[in-house]
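Q: Before we start, here is the structure in question, set down as structure tokens.
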Amino acid sequence: MTDEYEHFEAVVVGAGPGGAAAAATLAEQGVETLVLERGVDAGSKNVSGGLIYAEKSASYTIDSVFDGFREEASERPVSEYYIHNLAGGKVKTLDLSTIHHHDTEWCDAVLRRKMDSWLAERVHEKCSETGGGLLTDVRVNGLLREDGDIVGVTCDEIDPIRADVILAADGVNSELAREAGLMDWDDPDEWFQGVKAVVDMDPDAIDERFGVDPDDGVAHLFSGDLFEGVRGGGFLYTNEDSLSIGTVFHLDSLAERRAEPHELLDALLTHPLLDRWLDGEYEEREYAAKLVPDSKKAANPSPHRGRLLLVGDAAGQMQAQGPIIKGMNHAVTAGGLAAEAFIEARTRGDTDVAGDLYERKLVDEGVMAKLRPRRYRMTRRLSENRLATKVAGCLVDSLLGRTGMKLLDGVVERAFNSPFLLGMVPDTRTSYVTVPRVLGETLGERIEAENDIEPPDLADRIGGLTYDVGDPHIELLDESHEASGTAVTACPVSAEDFGGGCYRSETVERNGDTRQVVSLDTQPCVECGTCAVVADTHWEHPAGGNGVEFRDG
Amino acid sequence: MPEMDPTDHDIAELGPKIKDIDDEAELEEMLALEEGGEGRDPVVTLIEDRLQKVSGDDEGSDPASIDLTESTIADIANMIRGIDDVEVLQDVLEREKEGKNRKGAKSRIEKKIDDLQENDEEAEIEYAPPEERYPELDHPTNDKQYVEGTVDGEYRDMWVYCETQQGALIDVSREMLGKARELMDGYNEAYDESETVVAVLVGDEVADLAEECLAYGADRVVYHEDERLDRFRHKPYTEIFCHMCRDWGPGWRDYHEPRYTLFPATNNGRDLSALVQGELDSGLASDCSGLYIEAADISNPAKTGTPGESRTFERVLHMKRPDFSGFEYSTILCIDKPHRDFHPQGASVIPGSFEIPEADAEAEGEVFEHDTDLPEEWFHIEVTDYDQLEDGVDLAGNEVVVALGRGIGEQPTKGMELGLELVDVFEEADLGLSRGVITASYEFDTHVEEYVTEERQVGESGQVVEPELYIAAGISGAIQHKVGMDESDTIVAINTDPDAEIRDFSDYYIEGDLFEVLPRLTEALKEGELSRVVAGVDDD
């Protein structure tokens, strides 16, 4: 029967930058390529903090694959890059432009709905010429197998499709990667959770308040004592007529501290430092969230099985090295390399070797070295050890450390700007919280401003999102508070004492016993995947065209 | 002296060699030599042919004007070789008859004419009935008497099967009538015709619906009533529809079959459409969402009968249907082919594809009863049992809606009881719930559990209500809930939290615990003293 299914040479799942780069590269070589996207429009499901890099050392960049990308699809370029270390009303600002520009051809802020839908149009054009194309509103729900071998994909909306190669660029919660056993949702410490607000701002106001030219922009990062000790930081990027302001935290830290992500975002938004840019005005266009893989731990060094090749977030290819976060560029490179691998394999007459070729190319082209630096693997064991962290924390906090820090003013900035040293930064409280806080306290200047803006509450944020509610796509397997209670706080659209979110704490009486349980309503879900990691769920994406629809992304 | 003396050679040798000689004088000499010698006819012809070729065909070669009395038989034979037009050849033949009337010349011209006409016949597809072509097959269409009969038949009108449920037209029937009206109005204007929309009603007591069919666009209604037809059954429904439109003879139906047919793409309509179109020996475009009538240029030789030729077919119903789950559309055409008609051009229509037209109560038309006996054997399959799906809860029809939210969480069963008690005080009231209650993990006792269904949900993904009075107890008023109820005339909110958003769009806000407020409200209403409760409460 399976012989009757439609066949394409290549099926690409997901129309983000990785899928788009792969599909375009395949189509240009005449490979018959079908792209399946579950959103109503490419980009409607996609969120990112918002910077895309073009690395000098990369074999594929978004503008090398898509002509005119920067003119048509991105926001402002990022020429300056600062980090603000905050502590007790004081701030120490470091200029990180050197590390930002290291190996960087250019770097632009982007909003994903605009960017991805622009890419998708090009992709559809190119793929149509090969006899394929791009279909939206189609959710790929699994792998089509024949005698145990992967031979295609199955979908909610259309019949299964056979293909010689399947490029899964279906994002951080890739169902295909999990079905193939290449990725999991097991360890919170392999993930970050990012939460973002897109804030409306007149272009002239941006130019004036950030001191940039109309066609230029800036990035600001934030770390220190404003996040209740949760490991992570904040960012602010300038778009054409808006700002992307967000926070990114280690999911294990967020879960452990039972922190509410929207409250941490509000802590940043209402920090006095931000008054210089917000100036008492705040109009939030969109609230969004996303799970981010930590490539140091999550990137699969062998992201393929049979005809299935993983690209981008689906393979954990998201590099977070201290304050520098690079994801989309690696997805683009990986997409290009995966396409290249298939084309080479096809030329050799054996498409089954595409996966091996892809794996080799990731190493040869230096992608894997960036995603999983050896220096990090060597220092991690030592420095993420709890005792060592504690000692280091005390040391930095001690008078000696503080004096050292003062002496080091300038040296610190240079150290942050060293790609070699950054590659070693361990993910501990010391790096994220203690050092920035001490930096702020000892070297910082006092912030005089007051910031009295009022961000919308969670109910309004949820209300502002566009949903097409389908059947529940997440099933709560264990409703006990012990197993799934963390989701109530960690879910970006849920909170303790809030009844309108996805996850809610409830006290129920059963046969005289009073128990704490969790209930789930998937209606407000932003599909970030957090609960798949921190709670006991069966997690799937909603059917094609259903679920949340981001307008900015 | 020519290079080659033909008298020295066999004709077999001469043939190839003579082709190389281009000199007219040389050929003349060779001709003279041959005629002076053996004078072999074939050789003379060969040399003459060559001479003709070398001397140039143009000279006096216009077949229409050439003086045939001046031409030899060979000249004529050469001349007609290049003519493919039968009329020109016949003209040449006539002139030859009037002139020298040579038998040799005439026979050649006639033969050429015959050849050409034979070729023409070969270009047409040889037709043989299927029984002759496949004698080994027990042909499956043998029992259909019209299979080979429908050639160049006469077809008129658009027949619309109007499905009913529980004695009423279903919406798609109205939608199809409206669309049929629009299509046939355009058709009659474009082709200067006066064809009609014929509505078909089959069932038990359906005659009363005939007026409604006229109101929605039918010119004529044909109905068949029989108590055995109260539920859809394949055999009798198919037989009745086909008999009405093919075999039955009121005066106006003087054609063979309908030109067009429409069926609803419902469960029953799909079945009926396939059976009827099969019985009428035509095709079916199923599950269509767009229809229009226009001409189509077709080059498929199966349809035109002549390879390489394109033909325009008029009055073709274009039937658009979603493919690939709606990602692409195909347009289906149902077109006659040589020796076999494909009429009626039929489609089943996805419900909701077209607007329901405004009913025109003034509309006039003719109603006919199809009153024939139905053989008992058509009913040998019986419907032994059927179930009626619950209507569901329709909150919209109520004067009062009492809605409960997660404020009942402490004692969910008690909260439901209090809500229901309040509902009972009003004449036309029902219970609504916020989505929060429906998706919660609350344990309800069995007597109230049946009320906790999505059918009662008010809000964005539930029902939208605008009753005269909306009482929201323990509902915070998230935007998703608000869109389902904020058009209500009067909104009374009961909430312990004075900052709850519902306060912003309520007419009356009662700060308090619903477990206390609801019973007091119920009691007061029973005593007819609402003011007693409202008094002492802030009018917000």
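Q: Sorted by accessible area (1.4 Å probe), largest first, how do A:93, A:98 line up?
A: Working: A:93 55, A:98 95 Å².
My answer, sorted largest first, is A:98, A:93.
Q: Further, regarding this structure: Over chain B, what is the relative contact order in percent, taking alpha-carbon pairs closer than 8 angstrom and at least six residues apart?
A: The normalised contact order for chain B reaches 9 percent.
Q: Also: Can you work out the FRET efficiency for the pair residue A:215 and residue A:72, with r the C-beta to C-beta distance and R0 = 22 Å, to the nearest 0.05? Numbers along the way, then the final one.
A: Numbers: r = 14 Å, r/R0 = 0.63.
Between residue A:215 and residue A:72 the formula returns 0.95.
Q: Below 13 angstrom from the Cβ of residue B:371, what's the summed charge of the other residues (Lys, Arg +1; Asp, Glu -1)?
A: Working: positive: none; negative: B:225, B:226, B:369, B:373.
Value of the local net charge: -4.
Q: If one computes the Cα centroid of the stretch B:394-441 and of the stretch A:169-220, what distance in Å separates the two points?
A: Cα centres, the stretch B:394-441 to the stretch A:169-220: 42 Å.
Q: If you don't mind, another one. Between residue B:115 and residue B:330, what is the FRET efficiency for a Förster distance of 56 Å, r being their Cβ-Cβ separation, to the nearest 0.05? The partial results should precede the final answer.
A: Details: r = 45 Å, r/R0 = 0.80.
Computed FRET efficiency for residue B:115 and residue B:330: 0.80.
Q: Let me cross-check residue A:47: its accessible surface, 1.4 Å probe, with only protein heavy atoms counted, in Å² to the nearest 10?
A: Probe radius 1.4 Å; accessible area of residue A:47 about 10 Å².
Q: Rounded, prolate or oblate, given the Cα gyration tensor of chain B, with a/c below 1.5 counting as rounded?
A: Values: a/c = 4.38, a/b = 3.01, b/c = 1.45.
Prolate.
Q: Taking only complete DSSP H runs, can you tell me which helices of chain A stretch 27 Å or more along their own long axis by Cα positions and average at least -1.0 on the Kyte-Doolittle scale? Working shown, then result.
A: Details: long enough: A:328-348 (30 Å, 0.15).
TM-like helix candidates: A:328-348.
Q: So who's got an amide H within less than 5 Å of the one on residue B:285, skipping anything under 5 residues away but keeping other chains? H placed 1.01 Å off N, in plane.
A: Here the answer is B:346, B:347, B:348, since their amide H atoms fall under 5 Å of that of residue B:285.
Q: Next up: What's the extension gain from residue B:312 to residue B:41 if we count 0.36 nm per residue and subtract their Cα-Cα distance? The partial results should precede the final answer.
A: Values: separation 271, 0.36 × 271 = 97.56 nm, distance 5.38 nm.
Net length gain for the segment: 92.2 nm.
Q: Here's another thing I want to ask about it. Name the lysines eligible as straight-distance cross-link partners of residue B:97: C-alpha to C-alpha under 17 Å, and not fewer than 8 places from it in the same chain.
A: Output for residue B:97: B:106, B:111, B:112.
Q: Here's another thing I want to ask about it. Which whole number gives the average, over all residues in A:497-510, of C-beta atoms from other chains lying within 10 Å of the residue C-beta? Don't jump to the answer; show the numbers that get you there.
A: Working: counts 0, 2, 13, 12, 2, 1, 0, 6, 1, 7, 3, 6, 6, 1.
Average neighbour count from other chains, rounded to a whole number: 4.
Q: Lys and Arg at +1, Asp and Glu at -1: add these up for the other residues within a Cβ distance under 11 Å of residue A:157 and post the number. Kindly include the intermediate steps, with their values, before the conclusion.
A: Values: positive: A:38, A:139; negative: A:137, A:156, A:159.
For residues surrounding residue A:157, the net value is -1.
Q: For the stretch B:193-202, in order, what is each residue's ³J(HN,Hα) by Karplus, 6.51 cos²θ - 1.76 cosθ + 1.60 with θ = phi - 60°, in whole Hz (x at glycine and Pro)?
A: Karplus-based 3J(HN,Hα) across the stretch B:193-202 equals 10, 9, 8, 10, 9, 10, 8, 10, 10, 10 Hz.
Q: For residue B:265, which sequence-distant residues (separation of 5 or more, or a different chain) have an amide H within less than 5 Å of its own amide H, given hydrogens modelled in the peptide plane?
A: Amide H neighbours of residue B:265, under 5 Å, 5+ apart: B:349, B:350.
Q: Right, another one. Summing +1 for each Lys or Arg and -1 for each Asp or Glu, what net charge is found among the other residues whose Cβ lies under 11 Å from the Cβ of residue B:90?
A: Around residue B:90, the charge tally is -3.
Q: Count the DSSP beta bridges whose two residues both fall in chain B, then state the antiparallel fraction as a percent rounded to the nearest 5. Write out the running numbers ahead of the final one.
A: Numbers: 16 of 64 bridges.
The antiparallel proportion sits near 25 percent.
Q: Sticking with this one: How much length, in nm to one decimal, is gained on full extension between residue A:240 and residue A:516, taken as 0.36 nm per residue of separation minus their Cα-Cα distance? Each step should come with its number before you reach the end.
A: Details: separation 276, 0.36 × 276 = 99.36 nm, distance 4.70 nm.
Roughly 94.7 nm would be gained on extension.
Q: Give, rounded to the nearest 20 debye, the magnitude of the charge dipole that chain B has about its Cα centre when Lys and Arg contribute +1 at Cβ and Asp and Glu contribute -1 at Cβ. Don't skip to the answer; put the middle values down first.
A: Working: 46 positive and 136 negative charges, 102 e Å.
The calculated dipole for chain B is roughly 500 debye.
Q: Rounded to the nearest whole Å², what accessible area per residue is found for the protein assembly as shown with the 1.4 Å probe? Kindly include the intermediate steps, with their values, before the conclusion.
A: Working: 48830 Å² over 1093 residues.
Solvent-accessible surface per residue comes out at 45 Å².
Q: Based on DSSP, what percent of beta bridges with both residues in the stretch B:155-379 are antiparallel, to the nearest 5?
A: Values: 16 of 43 bridges.
Counting DSSP beta bridges with both partners in the stretch B:155-379, the antiparallel share is about 35 percent.
Q: Let me ask something additional. Taking the full set of protein chains and a 1.4 angstrom probe, give the accessible area of residue A:106 in square angstrom, rounded to the nearest 10.
A: Its accessible surface works out to 20 Å², give or take rounding.
Q: Setting aside same-chain residues fewer than 8 positions from residue B:235, which lysines have a Cα under 22 Å from its Cα?
A: Within the straight-line limit of under 22 Å, residue B:235 reaches these lysines: B:144.
Q: Defining a contact as two alpha carbons under 8 Å apart and six or more residues distant in sequence, what relative contact order in percent does chain A show? Spell out each step's value before the answer.
A: Values: 1308 pairs, mean separation 113.5, N = 553.
Once divided by the residue count of chain A, the mean separation gives 21 percent.
Q: Once amide H atoms are built 1.01 Å from N in the peptide plane, which residues 5 or more positions from residue A:89, or in another chain, come under 5 Å H to H?
A: Those qualifying (amide H under 5 Å, at least 5 residues apart or on another chain) number zero.
Q: Taking θ = phi - 60°, what integer Hz values does the Karplus form 6.51 cos²θ - 1.76 cosθ + 1.60 yield along the stretch B:231-240, in sequence order, with x for Gly and Pro?
A: Those phi angles translate into 10, 4, 9, 4, 4, x, 4, 5, 4, 5 Hz.
Q: Could you name the lysines in cross-link range of residue A:92, using Cα to Cα under 20 Å and dropping any fewer than eight places away on the same chain?
A: A:406
Q: A further question on this structure: How many percent of DSSP beta bridges within chain A run antiparallel, rounded to 5? Before the final figure, lay out the partial values.
A: Details: 71 of 96 bridges.
Among the beta bridges of chain A, antiparallel pairing accounts for roughly 75 percent.
Q: Sticking with this one: Hey, what did the stretch A:470-549 get for relative contact order, percent, Cα under 8 Å, at least 6 apart? Walk me through the intermediate numbers first.
A: Numbers: 144 pairs, mean separation 30.8, N = 80.
For the stretch A:470-549, the relative contact order is 39 percent.
Q: Ranked by accessible surface with a 1.4 Å probe, highest first, in what order do B:84, B:341, B:445 come?
A: Details: B:84 110, B:341 5, B:445 80 Å².
My answer, sorted largest first, is B:84, B:445, B:341.
Q: Moving on. Exceeding 18 Å between C-alpha atoms, which entries from my cross-link table qualify? They are A:296/A:326; A:56/A:290; A:126/A:326; B:414/B:482. Show your work: numbers first, answer last.
A: Values: A:296/A:326 12 Å; A:56/A:290 28 Å; A:126/A:326 27 Å; B:414/B:482 25 Å.
From A:296/A:326; A:56/A:290; A:126/A:326; B:414/B:482, over 18 Å: A:56/A:290; A:126/A:326; B:414/B:482.
Q: May I ask you to rank A:262, B:243 by accessible area, largest first, using a 1.4 Å probe over the protein chains only?
A: The ordering from most to least exposed comes out as B:243, A:262.
Q: Under the Karplus relation 6.51 cos²θ - 1.76 cosθ + 1.60, θ = phi - 60°, what is the ordered set of whole-Hz ³J(HN,Hα) values for the stretch A:181-195, x standing for Gly and Pro?
A: Values per residue, Gly and Pro as x: x, 8, 9, 9, 10, 6, 9, x, 7, 8, 10, 10, 10, x, 10 Hz.
The values are calculated or read from the model by the stated rules, or taken from the named source; none is laboratory data. The model shown is predicted, which means the values in this text are computed figures rather than measured ones. Here Cβ is always computed from backbone atoms with ideal geometry, including for glycine, and neighbour counts include all displayed protein chains. In case anyone asks, the SASA skips ligands and DNA or RNA and just uses the protein heavy atoms, side chains included. Shrake-Rupley method; radii C 1.70, N 1.55, O 1.52, S 1.80 Å.
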